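The structure appears below as structure tokens.
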Amino acid sequence: MNRITAPAKWLCVVYWFLVVVPTRADDVKGVVKNIPTPAHRNVMVQLFNWKFKEIEQVLPKLKQLGYSHVHVSPPQKSNEKVWQWWGRYQPIDFSVISGPLGSEDDFKKMNEAADSNGVNIVVDIVLSHTSDVTEMPEPDFVTFNNDVIVSEKFPQFDPGDFHRRCNINDGDVNSVRTCWLSNALADLKTESPHVRGIAKDYLKKLVGLGVDGFRFDAAKHIEPDFFGEVLHDVPNAYAFGEVIASDSGSFPQIDALDFYDFPLVATMRRAFGFGGDLRDLKNAVQNHHALPGPKAVTFVRNHDIDRGEAGDRGLDDNSLDTFGVGWNRQSHTLDRTDVILAYAYIFGREDGLPYVFADMPTLPPNEQDDHFDNEQLAAFIRFHNLCLSGENGVDRRPDIYRIETANAIGWQRGTDRFVVINKAAETFPIRNLVTSLRPGKYAEVHHGWDMDVQSDGKIKEWDVPGRSAMMVVPKP
């Protein structure tokens with residue numbers, strides 16, 4: 001595989017993600033009428049544990065809202081003794097698409113519908129391990145001699161395809177890659193040609209069914225060279241990985257993968273938390289508190305944060321904080337305003353591929369915290385997509401900071417877009433703010449409030465309500 005330099009890769013990755021959208025205007029709840037429809041889309045949504053038929057039904061709506069990609073849960077045959085979501089992360093047979101989420105036919109129809117709507121499907125891939133030996137599909141599915149598997153009933157594997165059972169020592173790279181998650185998930189020898197061959201066949205099968213990309217679960221528990229090799233035969237597929245760490249310097253160097261930006265999540269939690277300083281968000285990449293834009297899938301919540309409970313989900317220095325942005329460690333109550341403000345930040349900034357989490361539809365309504373069609377998110381998505389420009393939407397308007405306080409930050413996107421986030425309870429007054437915005441009238445995309453930029457580029461007077469985020473574009 002040819003090595004791609006960072007700038008060239010940025011162009012290639014962004015080009016792959018951007019999907020041309022018809023220019024007709026659609027009414028979207030949460031977006032002021034007459035705000036232009038973007039020419040491109042560049043937003044991923046995780047429809048966590050949704051059935052393939054359910055995803056197929058919402059694809060037209062996702063397109064209308066401005067999503068370009070859908071992250072779907074693992075489709076391979078899995079441990080169906082475990083009906084809960086984590087059973088899908090316990091593979092049994094990679095040659096079969098079947099299980100609680102739907103059949104192979106359902107999966108194929110979902111992909112066909114996605115193609116017809118100009119939406120790309122990204123599949124969750126679990127290749128570091130198979131099933132949990134403490135909740136096997138049937139008795140004696142796996143047997144041991146001491147800590148070594150001596151017999152098993154996985155259709156594609158032999159006992160020699162598994163590492164010896166052992167607890168992970170996070171300080172030992174070899175242990176991280178060869179021991180068992182939770183000392184229970186049967187760890188595959190992903191270094192072996194046989195296991196890699198099965199992985200390649202699985203990815204090719206998925207692409208043959210219409211899949212456009214992959215999210216690799218537990219990526220840090222697999223050898224870095226694995227990804228380039230198994231992705232070689234699916235060269236047009238996008239891929240990103242899960243590495244849960246708060247320090248950007250601890251991420252493996254894998255050219256074939258982008259990554260969830262967990263360091264940025266940790267930074268946002270500190271910044272948006274009580275007593276935190278929003279100025280920490282300005283130079284997050286330079287301060288190693290966020291991944292570089294070309295490698296970052298930027299998010300506020302995903303299923304690791306929403307459902308994670310173990311210490312290894314930790315996002316602070318002491319690995320005690322298991323919940324990410326918007327959670328209080330004492331009460332575990334989710335503060336939706338903090339979550340929305342953090343979403344405003346990732347949609348308002350130049351770097352990264354924004355990613356939205358949507359909860360399981362099987363949850364009771366009062367437990368469904370996250371919705372892909374939240375009206376404020378719809379406005380943020382519209383703003384983000386309107387910031388894409390140039391041929392195929394590759395060009396990005398740069399961030400130019402104009403407001404820098406502990407509780408309020410504001411920045412231009414180029415010369416005709418503006419973002420302000422105010423986490424304080426009090427109104428933030430803007431008076432005679434110097435900018436390089438083009439003079440004229442602007443409109444806030446969610447409420448429609450007017451903002452005037454004078455001939456000298458100043459914003460003479462504009463008030464930002466407490467606990468809110470404002471995104472403005474030229475008024476049509």
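Computed from the coordinates by the stated procedures, all read-outs in this text should not be read as laboratory data. Note that the structure is a prediction, hence the values are computed from the model and not measured. Heads up, the Cβs are rebuilt from the backbone with ideal geometry, glycines too, and the neighbour counts pull from every protein chain shown.
Ranking request for peptides 73-82, 403-412, 37-46: highest mean number of other beta-carbon atoms within 10 Å first, then the rest in descending order.
Numbers: 73-82: 20.8, 403-412: 19.0, 37-46: 22.7.
Result, highest mean first: 37-46, 73-82, 403-412.
Given R0 = 41 Å, the distance between the Cβ atoms of Lys153 and Asp247 translates into a calculated FRET efficiency of 0.50.
The equivalent ellipsoid that matches the C-alpha gyration tensor of the chain spans semi-axes of 40, 24, 20 angstrom, in descending order.
Computed from the C-beta positions of Glu191 and Asp450 and an R0 of 41 Å, the FRET efficiency is 0.10 to the nearest 0.05.
Residue by residue, the stretch 43-50 carries 3J(HN,Hα) couplings of 9, 9, 10, 9, 8, 5, 6, 7 Hz when phi is fed to the Karplus relation 6.51 cos²θ - 1.76 cosθ + 1.60 (θ = phi - 60°); x denotes Gly or Pro. Counting only lysines at least 8 places from Lys460 when in the same chain, those with an alpha carbon closer than 16 Å to its own are Lys441. Taken one residue at a time, the phi angles of the stretch 263-274 give Karplus couplings (6.51, -1.76, 1.60, θ = phi - 60°) of x, 5, 4, 4, 5, 5, 4, 5, 5, 8, x, 4 Hz. Gly and Pro are set to x. Normalised radius of gyration (Cα atoms, divided by 2.2 N^0.38 Å) for the stretch 399-474: 0.98.
Tilt of helix 6-17 relative to the longest C-alpha principal axis of the chain, in degrees (0 to 90, nearest 10)? That helix lies at roughly 90 degrees to the long axis. Placing +1 on the Cβ of every Lys and Arg and -1 on the Cβ of every Asp and Glu, with no other charges, gives the stretch 366-476 a dipole of roughly 520 debye about its Cα centre.
When the charge dipole of the stretch 36-131 is built from unit charges on Cβ atoms (+1 for Lys and Arg, -1 for Asp and Glu) and taken about the Cα centre, the candidate among Pro100, Val82, Gln57 whose Cα reaches farthest toward its positive end is Gln57.
Taking the Cα centre of the chain as origin and assigning +1 to Lys and Arg Cβ atoms and -1 to Asp and Glu Cβ atoms, the resulting dipole is close to 1600 debye.
For the chain, the antiparallel share of DSSP beta bridges with both residues in that region comes to about 60%.
Would you mind getting the Kirkwood hydrodynamic radius of the stretch 341-476 from its Cα pairs, rounded to one decimal in Å? Write down the numbers at each step before the final one.
Details: mean 1/r = 0.0635 Å⁻¹.
Every distinct Cα pair counted, the radius reaches 15.7 Å.
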